[in-house]
Protein chains: 4
Amino acid sequence: MRDAAIALKPLVGTLARDVTWGDCDPAGIIYYPNYFRWIDSGTWNLFFTAGLTPERLRAEYPDMDMPIVSTQLEFANPAPFGARAEVRSYVEHWGGKSFRVRHEIVRGDGAKLGAGSETRAWVRAAPGSVMRAEPIPESLKSRFLVPA
Amino acid sequence: MRDAAIALKPLVGTLARDVTWGDCDPAGIIYYPNYFRWIDSGTWNLFFTAGLTPERLRAEYPDMDMPIVSTQLEFANPAPFGARAEVRSYVEHWGGKSFRVRHEIVRGDGAKLGAGSETRAWVRAAPGSVMRAEPIPESLKSRFLVPA
Amino acid sequence: MRDAAIALKPLVGTLARDVTWGDCDPAGIIYYPNYFRWIDSGTWNLFFTAGLTPERLRAEYPDMDMPIVSTQLEFANPAPFGARAEVRSYVEHWGGKSFRVRHEIVRGDGAKLGAGSETRAWVRAAPGSVMRAEPIPESLKSRFLVPA
Amino acid sequence: MRDAAIALKPLVGTLARDVTWGDCDPAGIIYYPNYFRWIDSGTWNLFFTAGLTPERLRAEYPDMDMPIVSTQLEFANPAPFGARAEVRSYVEHWGGKSFRVRHEIVRGDGAKLGAGSETRAWVRAAPGSVMRAEPIPESLKSRFLVPA
């Protein structure tokens, strides 16, 4: 009964990023593939935030990996050299054997730079074997919820 | 009447790529943001194939740029260090002020690595002015068609 | 006489960096070309620290650029995924028409990761002209000194 | 006596590279850290050329790795978007437990873009142990010589 009273919301990981000289293309704005570097880092940072460093992941879930299945981003405003931004990441959907991470990229002045998602599979990837998707354990999912 | 008899198909640009040591993540497979580097190059290579080098683009369409609006990729098979691949790119849709480039990434042995698209706007980007989308000229579109 | 009493030392710019998943090669340690991304950013960050944003640089020294002439790094300890580091950068030598920036990369636990330098020329790079090195103005150099 | 009659020279690996949009910085020329991506690939390509794919390396020299010790490049001419180049790599010095690879980067029109070297150690890197340099076997060195 009391459990029902505890509202939960997704854990959000935040990552600071700045646009460097080498991130910019000849048009002087960020080269868009770098945003995918940022959101990939956003996912790993979300796992860090949930207490799952690479060592912990390996120890708790040996041989498991989370390869990318698909990803997409929409771009709103350009980011020039020197711009500061924040990547906000959370799991927006847990499927049976895959999950979708939502990423929102916001410029220092509050302007939206881009938003989208990554879908990743939860797979067993033992050396020498074929990768095979497996059900995502509840113990993993529960780490990504916090009191609302 | 005779024009109707000439079947046309999209011009396809092809780009050879190989997976280098630095393209691979600790799992030993290609780090997925690199695929976006490849497809961005695929679009520029398609323009090259159509005769539109950066110099020609600037000369024929001064102050015009084609910033990314959105992009997505689905991933099929992993590519390890040393793998060779081909990026095949063509315009799959011409909108009024934007266009969508389809990209297919195929491993040397024929296995599909990934596929997806980029949507880009056709914008006037004069220095010091706000970017504004403009209708894509027929002269541009016609370069991307070849006899079927 | 009084000037002689004011000891000066080089301004040091510091930049925080963390090793992301995509920075690591299949051996699980940072892919070394990324260190050059870091030190290039270190130089631009040093200019920021000296008050020279890209806008200020363009305004105060129009058409001037500072292309790389040579660079070298020595590597001391590996940095795995998740490692945090600091890049410390300062001008260690002002030549007539070039300057050398020293970079030291230190891991969060104090271990030295790498050290080296970039030599850059001070050149006039007006559009359409050949680049030509010019004497570095005293007004520029003086920004990179602080009381010892 | 007869051995003395066989002149040998270093095996040279060559790697084609093109400057993509995303390789260029806002000045429209190649972002220099990318040259280090190229020369790192040049070393791996040299090993491929010598018949040492990653699989062969692992099979013949298990647990051995060749981490970077130091590297330096000098830059001669800029390379704009669309430029084609070749990276020529060969071992210029075999030390006891380390070796130095020379890299020359030449633009399609023959102009020199850059040149320099990488020094790498030959180390035992068994999982869970500290890396330790070991003497480079003659069997390895002999693969990098060809009749003059």
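General remarks:
- Residue pairs whose Cβ atoms lie under 8 Å apart, separated by 6 or more positions or on different chains, with the first residue in region C:26-52 and on the phi > 0 side of the Ramachandran plot and the second at pLDDT 95 or above and open to solvent by 10 Å² or more (accessible area, probe 1.4 Å), are C:GLY51/C:ARG143.
- Residue in region A:127-134 that is closer than 20 Å to C:TRP21 by Cα, open to solvent by 10 Å² or more (accessible area, probe 1.4 Å), more than 12 Å from every other protein chain (Cβ to nearest Cβ) and hydrophobic (A, V, I, L, M, F, W, C) present: no
- Qualifying residue in region B:67-84 (condition: more than 8 Å from every other protein chain (Cβ to nearest Cβ) and closer than 23 Å to A:CYS24 by Cα): no
- Taking the criterion of being aromatic (Phe, Trp, Tyr) and within 14 Å of chain B (Cβ to nearest Cβ), the residues of region A:1-46 that qualify are A:TYR31, A:TYR32, A:TYR35, A:PHE36, A:TRP38, A:TRP44.
- Any hit, region B:92-113, residues being modelled with pLDDT under 95 and either under 13 Å from the mean Cα position of the chain (by Cα) or surrounded by 20 or more Cβ atoms within 10 Å (Cβ to Cβ) (or both): no
- Scanning region A:96-109 for residues being out of contact with any Asp or Glu (no Cβ under 6 Å at 6 or more places or on another chain), outside any loop (DSSP other than H, G, I, E, B) and touching a residue at least 24 places away in the same chain (Cβ under 8 Å) gives a total of 5.
- Flag if C:ARG88 is in contact with a Gly (Cβ under 9 Å, 6 or more places away or on another chain) and touching a residue at least 12 places away in the same chain (Cβ under 8 Å): yes
- Flag set for C:LEU52, criterion: within 16 Å of the chain's Cα centre (by Cα), farther than 16 Å from C:GLU118 by Cα and more than 14 Å from chain D (Cβ to nearest Cβ).
- Number of the condition not met by B:TRP94 [criteria: (1) within 30 Å of A:GLU104 (Cα to Cα); (2) within 13 Å of chain A (Cβ to nearest Cβ); (3) of a type outside the set (Val, Ile, Thr)]: (2)
The values are calculated or read from the model by the stated rules, or taken from the named source; none is laboratory data. Remember, it's a predicted structure, so these values are computed and weren't measured experimentally. Every residue, glycine as well, gets a Cβ built from its backbone with ideal geometry; the counts of neighbours run over all protein chains shown. Note: accessible area is taken over every heavy atom of the protein model, side chains too, but ligands, DNA and RNA are not part of it. Shrake-Rupley method; radii C 1.70, N 1.55, O 1.52, S 1.80 Å.
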